[in-house]
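S.K.: Pasting a structure below so you can have a look.
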Protein chains: 2
Amino acid sequence: MKSPLTGTSVIGYSRGQGETPAGQAVHASSGAKLEPIYLSATPEEVDQAVELAATASPLYSKLTGKERGAFLRAIAAELEAVVDDIAERGTLETGLPDARLRGETGRTTGQLRLFAALVEEGSWVDARIERAQPERQPLPKVDIRSMLKPLGPVAVFCASNFPLAFSVAGGDTAAALSAGCPVVVIAHHAHPGVAEIVAQAILRAALATGMPEGVFSLLYGGGPAVGIPVVQHPAIQAVGFTGSRHGGTALMAAAASRPQPIPVYAEMSSVNPVVILPGALERGEAALAEAFFNSLVLGVGQFCTNPGLVFLPDGMGLVFLDRLKQLVGTSMPGVMLSEGVAQAYVDAVDAFANSEGVETVGRSAAPNGTGPGAAAIFSVSVRRFLEDDLLQSEIFGPAALIVRGSLAEIEATIPELEGQLTATIHGTEAELAHHSALVAALANKAGRVIFNGFPTGVEVCHAMVHGGPYPATSDGRSTSVGTMSIQRFVRAVCYQSFPDAILAPELQDANPLGIWRTEEGKRLPPP
Amino acid sequence: MKSPLTGTSVIGYSRGQGETPAGQAVHASSGAKLEPIYLSATPEEVDQAVELAATASPLYSKLTGKERGAFLRAIAAELEAVVDDIAERGTLETGLPDARLRGETGRTTGQLRLFAALVEEGSWVDARIERAQPERQPLPKVDIRSMLKPLGPVAVFCASNFPLAFSVAGGDTAAALSAGCPVVVIAHHAHPGVAEIVAQAILRAALATGMPEGVFSLLYGGGPAVGIPVVQHPAIQAVGFTGSRHGGTALMAAAASRPQPIPVYAEMSSVNPVVILPGALERGEAALAEAFFNSLVLGVGQFCTNPGLVFLPDGMGLVFLDRLKQLVGTSMPGVMLSEGVAQAYVDAVDAFANSEGVETVGRSAAPNGTGPGAAAIFSVSVRRFLEDDLLQSEIFGPAALIVRGSLAEIEATIPELEGQLTATIHGTEAELAHHSALVAALANKAGRVIFNGFPTGVEVCHAMVHGGPYPATSDGRSTSVGTMSIQRFVRAVCYQSFPDAILAPELQDANPLGIWRTEEGKRLPPP
């Protein structure tokens, strides 16, 4: 039963009663338990949330882009109004610093407004018009008009490492709501209190802008009790997830085993290879080491774009390595997101340290320099790297493996890598031009290719691709960041021989919304 | 061993040796065996074909749109040069009439040229440019530019019912080659000779336009021996298939069980519901019955868009039903594509005829009026329809089920239907406006919604959506017909901070290809 000391799921515009405890947040650095205890949604509450989403779906999907935009902007404003609460609770639950939580809230409101502008403008639906040609020989041509339409209710799983930008009101939620899909969010057990604050902000925005009940729900509870049942509910039509490979593949299997399989967009695992060419070392090895190390330890290395794998040509980079050794030796361990993340990090670092042929470049000299959140840098030969699958696995935290080999060996290794979110190359412009096959091989493995930069820091914009071939994501054809992510939650539908007045405004002859369209294959600007 | 009496796979620019017989085509109406015997590709030949495709992939993917366009146009011209051979062999293998085979060849060359024009023009890559803002606060903005890139080698399975348009040089092959993906085609056992003629045309075009070896191969052999191994080869990156639900789901499972799962675009099963509103009957019941019957028996009903399910309001349509009974009674059975298709049709029709509550509206009065290729029309109450899953299953051939109920019952039944390629509504414009929820429900179930027409006849154009929610297709987010199908075989890749000269021309500042692009979210015409 609900009490002042328990928190429960948000089911449409009501609160659930809950069942067994879904867990209790703990203070990230002290380990002290934080009130309240959050109760797992009951099976009935899971059904209610999804059924409300299904009921809301036809109503919500036919709202105009301007109406959906107003809802998204209202969410952004409500979030800004509670940023102090978010920062206060967030620092306790996640150990992330106050500035990061405020900055991540800003990124979250920014992406909500970017999507609002997209749907208010309206051209994103890719309206295509082919007019009838009744006189065409040998067969008349019928009138065919297509546009992108929402898939239906979407399940979104919160990420441990981004309590705002990839959680309750994060990228997948913004993209799904923009597309016209109701959203059922499954909270992450590590930051249930932030989830509650954000959910209440969304509810206030939904009520203020007159959204149908069920456009949003938030469920507490673990994967087997709540997450999998949501994914397997027949009304759910797509899934967004950011987390572990284990969690992502479990959702892929659950979605594939449904009577009607549905798309799963799971962002899972990436080591984000960095290739260093000789010219980059000639420019200044120490500065390169410092820039790399800053990217490695940013946010205690808890980013999906953390650069965990560096290819360094044989017989070069002594100063680079020395400087790295110095930086890591004098670094202090950071507070990790949760006890589970911290323990997994220590175990993974130990496994690398004890692997055959792996040498330690440097570890922190602090008293807890081999404990949670302490940076670690290893090196290994390219030959040994290719022999041991473990060495391609992601260490979630501030650890990196430097792979040594000839340039030819490095180039030959890229096609053997798994799919990645990002791939980076450091060198001169002349080297980049000379190594075009290497660039193409990196682009073949990743969603984003970076020149002379580092992968941490993902710009939220129209051109961003934050995705990549499996296992970086379950579906390398899509991005989880930027406006292209709206394509995750839509499909094209075409209308044949429909009267103009019955068509959606996007497809009507007069183009009343003034959007860009494609007519008979020609792109046309608004009238 | 290869002999003049055997046919073997096409492995790049060579012929395979083959192994065990993969089957022998039979004369569609007489059942006589047709020379030669086609030999199944050996496991080594399967590997060779895919490895050649993998080797060709980086070379082929970096060709310009104009170069790929020239290849596609050369294929079209080579096909036209052998249309007599295609028609001669095709009529023997498939029982389809000469005019249909020539028409389908024209559709196939038309879609090749439509894709050629698309890639020659070049804007389809959806180039997006976000320029650096080094002075931006609080963080500088980096330069990010994205475009669509090919996935890599694609496996394409030929369809039984379209020996040209959905086979060796059909829609998926055209889309994949346009996108920049080499193609490994798996021939259909029912028309191996047509496959060979078309493959030779593609090879001549590839050689004439200087394509890398491996851009195309054709493999003979069954699913377990050849099809599944191709799908599970690590170099294959996507699969296109048109066929049975059984075959499609087997490929989905094979692709999902790979270490790296890949997308499968399987078009499988659709009954293409038609809803008749009272106004359509008032316009003329006999004419409506005639138009419907023509669509039902076109091509002996062997189209994925065949209208197999009709919703007819209770207490109406007596003349419509009488006219249908008359038409079906006097119709003559047609020759079906193969013995297997013919037997499956007889079995499915029997199962419907013997289902509880199903009445026979009419069957052919010809001597073989209950045999292969003979039209059959049944009716059932909406209540009974909802109770028996069999009655939603596709009968591949000229059979339809008429479901009777009140308009409210019909509207309530639509959400219970499986996913469909098409959904059709007949009525007046006033009825269409009045039943907007019904239209939305139909659009929610299908890729194409048709007003006052019939689903057979799929226009190859930029706005066509030939796809729909599962099980119509395995991936309802895509189409297999029209230029949007190029999106099946691509993913977006973005380049961060790349020097202008290293970027693909599509992304360079000067826009040397003169394509439409999106800059900072704004669509811009060519300079």
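S.K.: Viscosity 1.567 mPa s, temperature 4 °C: what is the translational diffusion coefficient of the stretch A:424-527 from Stokes-Einstein with a Kirkwood Rh over Cα pairs, rounded to a whole number of µm²/s?
M.R.: Answer, rounded: 75 µm²/s.
S.K.: Can you tell which of B:Val226, B:Pro134, A:Gly397 lies farthest toward the positive end of the dipole of the protein assembly as shown, using +1 and -1 charges on the Cβ of basic and acidic side chains (Lys, Arg; Asp, Glu)?
M.R.: B:Pro134
S.K.: So for B:Asp126, A:Asp389, B:Asp47, what's the accessible-area order with a 1.4 Å probe, most first?
M.R.: My answer, sorted largest first, is A:Asp389, B:Asp47, B:Asp126.
S.K.: Here is a follow-up. Report, in listed order, any pair from A:Lys62/A:Lys149; B:Lys149/B:Lys445; A:Lys62/B:Lys445 with a Cα-Cα distance greater than 19 Å.
M.R.: B:Lys149/B:Lys445, as the Cα separations exceed 19 Å there.
S.K.: In nm², what is the average projected area of the convex hull enclosing the Cα atoms of the stretch B:320-396?
M.R.: That works out to 5.1 nm².
S.K.: Can you list, shortest first in nanometers, how far B:Ala433 lies from the same residue in the other copies, with each label 7 Å from Cα toward Cβ?
M.R.: For B:Ala433, the other copies' label points sit at 6.5 nm, shortest first.
S.K.: Report the Stokes-Einstein translational diffusion coefficient (µm² s⁻¹, integer) for the stretch B:208-263, Rh taken as the Kirkwood radius over Cα pairs, at 4 °C with viscosity 1.567 mPa s.
M.R.: The Stokes-Einstein estimate is 104 µm²/s.
S.K.: Which one of A:Ala155, A:Ala235, A:Gly362 has its Cα pushed farthest toward the positive end of the charge dipole of chain A, where Lys and Arg give +1 and Asp and Glu give -1 at the Cβ?
M.R.: The one lying farthest along the dipole's positive direction is A:Ala235.
S.K.: Out of the total accessible area of the stretch A:458-527 (probe 1.4 Å, heavy atoms of protein only), what percent is carbon and sulfur?
M.R.: Accessible surface attributable to carbon and sulfur in the stretch A:458-527 totals 52 percent.
S.K.: Taking the C-alpha atoms of the protein assembly as shown, how large are the radius of gyration and the largest Cα-Cα span, Dmax, in Å?
M.R.: According to the Cα coordinates of the protein assembly as shown, Rg and Dmax are 29.6, 94 Å.
S.K.: Using +1 on the beta carbon of Lys and Arg, -1 on that of Asp and Glu, and nothing else charged, what's the dipole of the stretch B:351-428 about the Cα centre, debye to 20?
M.R.: It works out to roughly 360 debye.
S.K.: While we're here: Any chance you could give the angle, 0 to 90 degrees and rounded to 10, that helix B:192-208 forms with the longest Cα principal axis of chain B?
M.R.: Taking the Cα atoms of chain B, the angle to B:192-208 is about 30 degrees.
S.K.: Over the heavy atoms of B:Arg323, what accessible area does a 1.4 Å probe trace out, to the nearest 10 Å²?
M.R.: Approximately 60 Å² of B:Arg323 is accessible to the 1.4 Å probe.
S.K.: Let me ask you something else. Hey, got the dipole for the protein assembly as shown? About the Cα centre, +1 on K and R Cβ, -1 on D and E Cβ, debye to the nearest 20?
M.R.: Here the protein assembly as shown has a charge dipole of around 1120 debye.
S.K.: Right, next: Can you list the trypsin sites (Lys or Arg not before Pro) in the stretch A:82-189 that are in a DSSP coil and have 11 or fewer other beta carbons within 10 angstrom?
M.R.: Here the sparse-neighbourhood loop sites are A:Arg136.
S.K.: If the only charges are +1 at each Lys and Arg Cβ and -1 at each Asp and Glu Cβ, what is the size of the charge dipole of the stretch B:54-162 around the Cα centre, to the nearest 20 debye?
M.R.: The dipole magnitude comes to about 640 debye.
S.K.: Name the residues of the stretch B:436-484 whose accessible area falls by at least 50 Å² when all protein chains are present instead of the chain alone, probe 1.4 Å?
M.R.: Buried-area filter returns B:Val449, B:Phe451, B:Glu459, B:His462, B:Ala463, B:Tyr470, B:Arg477, B:Met484.
S.K.: Output the 0 to 90 degree angle, nearest 10, between the alpha-carbon long axis of helix B:285-297 and the longest principal axis computed from the alpha carbons of chain B.
M.R.: 50
S.K.: To two decimal places, what compactness ratio does the stretch A:52-103 give when its Cα radius of gyration is scaled by 2.2 N^0.38 Å?
M.R.: 1.60
S.K.: List the accessible area buried at the contact between A and B, summed over both sides and calculated with a 1.4 Å probe, in Å² to the nearest 100.
M.R.: Buried surface at the A/B interface: approximately 5200 Å².
S.K.: Another question about this same structure. Counting only heavy atoms of protein chains, what accessible area per residue, in Å², does chain B have with a probe of 1.4 Å?
M.R.: Counting only protein heavy atoms, the per-residue value for chain B is 35 Å².
S.K.: At A:Glu359, with labels set 7 Å past Cα in the Cβ direction, how many nm apart are the copies from this one, shortest first?
M.R.: Ordered by distance, the counterparts are at 8.8 nm.
S.K.: Longest exposed-loop-site-free stretch of chain A, with GluC sites (Glu not before Pro), DSSP loop and at most 11 other Cβ within 10 Å?
M.R.: It works out to A:136-355.
S.K.: Turning to a different aspect of this structure: Taking the 0 to 90 degree range and rounding to the nearest ten, how far is the long axis of helix A:65-81 tilted relative to the main principal axis of chain A, both from C-alpha atoms?
M.R.: Result, in degrees: 50.
S.K.: Can you tell me the mean projection area, over all orientations, of the convex hull of the stretch B:366-438's alpha carbons? Units nm², please.
M.R.: 6.3
S.K.: Take the alpha-carbon centre of the stretch A:286-328, take the same for the stretch A:454-527, and report the distance between them in whole Å.
M.R.: What the calculation gives is 38 Å, centre to centre.
S.K.: Here's something else I'd like to know. Are there any residues in the stretch A:233-282 with a reduction of at least 50 Å² in accessible surface when going from the isolated chain to the assembly of protein chains? Probe 1.4 Å, please list them by number.
M.R.: Residues passing the criterion (a loss of at least 50 Å², heavy atoms only) are A:Pro261.
S.K.: Can you give me the relative contact order of chain B as a percent, contacts being Cα pairs under 8 Å and 6 or more apart?
M.R.: Relative contact order, chain B: 17 percent.
S.K.: Scan around A:Tyr470 for amide H atoms under 5 Å from its own, H built in the peptide plane at 1.01 Å from N, and keep only partners 5 or more places away or cross-chain.
M.R.: So A:Tyr470 has HN proximity to A:Gly476.
S.K.: Let me ask something additional. Give me the percent of accessible area attributable to carbon and sulfur for the stretch A:104-206, probe 1.4 angstrom.
M.R.: Roughly 61 percent, rounded to a whole number.
S.K.: Compute the label-point distances linking B:Ala256 to its equivalents in the other copies; points lie 7 Å from Cα along Cα→Cβ; give nm, one decimal, shortest first.
M.R.: Those separations, rounded to one decimal, come out as 0.6 nm.
S.K.: If I histogram all Cα-Cα distances within the stretch B:267-381 using bins 5 Å wide from 0, what percent of pairs lands in each bin?
M.R.: 2, 11, 20, 26, 21, 12, 5, 1, 0
S.K.: Where in the stretch B:449-482 does the amide nitrogen come within less than 11 Å of the point 7 Å from the Cα of A:Ala132, taken along Cα to Cβ?
M.R.: Correct set: B:451-453.
S.K.: Provide a list, ordered by number, of residues in the stretch A:488-505 showing at least 10 Å² less accessible area with every protein chain present than when their chain is taken on its own, using a 1.4 Å probe.
M.R.: Buried by the other chains: A:Val490, A:Arg491, A:Ala492, A:Val493, A:Cys494, A:Tyr495, A:Gln496, A:Ser497, A:Phe498, A:Pro499, A:Ile502.
S.K.: Run the accessible area of the stretch B:328-438 with a 1.4 Å probe and give the carbon-and-sulfur part as a rounded percent.
M.R.: Solvent-exposed carbon and sulfur of the stretch B:328-438 make up 53 percent of the total.
S.K.: Determine the relative contact order of the stretch A:258-324: mean sequence separation of Cα pairs under 8 Å and six or more apart, normalised by residue count, in whole percent.
M.R.: RCO, the stretch A:258-324: 47 percent.
S.K.: Please find the FRET efficiency linking A:Thr428 to B:Glu520, where r is the Cβ-Cβ separation and R0 is fixed at 30 Å, and quote it to the nearest 0.05.
M.R.: For A:Thr428 and B:Glu520, the calculated efficiency is 0.55.
S.K.: Let me cross-check B:Ser381: its accessible surface, 1.4 Å probe, with only protein heavy atoms counted, in Å² to the nearest 10?
M.R.: Estimated to the nearest 10 Å², B:Ser381 gives 40 Å².
S.K.: To continue, here is another question. On the rotation axis linking copies A and B, which residue of A comes nearest by its Cβ, and by how many whole Å?
M.R.: A:Ala256, 3
S.K.: Translational D (Stokes-Einstein, µm²/s) of chain B at 25 °C and 0.890 mPa s when Rh comes from the Kirkwood sum over C-alpha pairs?
M.R.: The estimated diffusion coefficient comes to 100 µm²/s.
The values are calculated or read from the model by the stated rules, or taken from the named source; none is laboratory data. Here the structure is a predicted model, which means the values were calculated and not measured. Note that each Cβ is placed from the backbone with ideal geometry, even for glycine, and that neighbours are counted across all protein chains shown. What goes into the accessible areas is simple: the full protein's heavy atoms, side chains included, and nothing from ligands, DNA or RNA. Shrake-Rupley method; radii C 1.70, N 1.55, O 1.52, S 1.80 Å.
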